[in-house]
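S.K.: The structure under discussion is supplied below as structure tokens; questions concerning it will follow.
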Amino acid sequence: MKILVINGANMNLLGKREPDIYGREDYAALCACIYAHAQSRGIAVECFQSNHEGAIIAIQEADGMFDGIVINPGAYAHYSYAIRDAIKAITIPVVEVHISDIEKREEFRHLSVTAPVCIAQIRGHGFESYTMGIDLLAGAKQ
């Protein structure tokens, strides 16, 4: 099994940006956690981060190359119909994740336009949101 993990806007600022919400560990620590978890389950994983919506829309290229996607669109979750359409256009399952619980934050964060085209949304579990997403995809492929 091969999973693509996509991180959107501002995820490169983990550890610096609002550490009371996102924690003090940086993006490298997140990727290390993801790689270690996937390796322990015999899953190949690739991490990708971009602050550019167009680069994230390259989700289209993952179709057929990966068995699933874990995506944290960041703020794009709340308004990117382009990312939503890219997810909807592919045939592999996608799980949306968020480090924080977006439903317990500012009202504008409560709605995700990308979640309805994903098989699940996992939020509020810190880095574990990603490992839970990986495990969910692994279970869906068995």
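The values are calculated or read from the model by the stated rules, or taken from the named source; none is laboratory data. This structure is a prediction, so every number in the text was calculated from the model and none was measured. We place every Cβ from the backbone using ideal geometry, glycine too, and count neighbours over all the protein chains shown. Only protein heavy atoms, including side chains, enter the accessible area calculation; ligands, DNA and RNA are left aside. Shrake-Rupley method; radii C 1.70, N 1.55, O 1.52, S 1.80 Å.
S.K.: Being of a type outside the set (A, V, I, L, M, F, W, C), buried (at least 17 other Cβ atoms within 10 Å of the Cβ) and within 27 Å of Pro19 (Cβ to Cβ) is the filter here; which residues of region 79-104 pass it?
M.R.: Ser80, Glu96, His98, Ser100
S.K.: Scan (1) crowded, with 17+ Cβ neighbours inside 10 Å; (2) within 12 Å of Ile134 (Cβ to Cβ) for the single condition Leu14 breaks and write down its number.
M.R.: Only one criterion is unmet by Leu14, namely (2).
S.K.: Pick out the one residue from Gly124, Gly133, Gly54 that is on the phi > 0 side of the Ramachandran plot and out of contact with any Leu (no Cβ under 6 Å at 6 or more places or on another chain).
M.R.: Going through Gly124, Gly133, Gly54 in turn, the sole match is Gly124.
S.K.: Moving to a separate point now. Taking the residues in region 105-132 that are assigned to a loop (DSSP other than H, G, I, E, B) and over 27 Å from Arg41 (Cβ atoms) as candidates, determine which candidate is least open to solvent (accessible area, probe 1.4 Å).
M.R.: Only one residue tops the list, namely Val113.
S.K.: Just checking, which of Ala28, Ala44 is modelled with pLDDT of 95 or more and in contact with a strand residue (DSSP E or B) (Cβ under 6 Å, 6 or more places away or on another chain)?
M.R.: Ala44
S.K.: Assuming Ile92 fulfils every condition listed in (1) in a helix (DSSP H, G or I); (2) modelled with pLDDT of 90 or more; (3) over 13 Å from the mean Cα position of the chain (by Cα); (4) not polar (S, T, N, Q) apart from one, which condition is it?
M.R.: (1)
A quick yes/no check of all residues on (1) assigned to a strand (DSSP E or B); (2) in contact (Cβ under 8 Å) with a residue 24 or more places away in the chain; (3) of a type in the set (S, T, N, Q):
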| site | (1), (2), (3) |
| --- | --- |
| Ile21 | no, yes, no |
| Arg24 | no, no, no |
| Ala32 | no, no, no |
| Gly42 | no, yes, no |
| Cys47 | yes, yes, no |
| Ile71 | yes, yes, no |
| Ala75 | no, yes, no |
| Glu103 | no, no, no |
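S.K.: Going by the conditions given, is Ala58 under 23 Å from Tyr35 (Cβ atoms), open to solvent by 20 Å² or more (accessible area, probe 1.4 Å) and aliphatic (A, V, I, L, M)?
M.R.: yes
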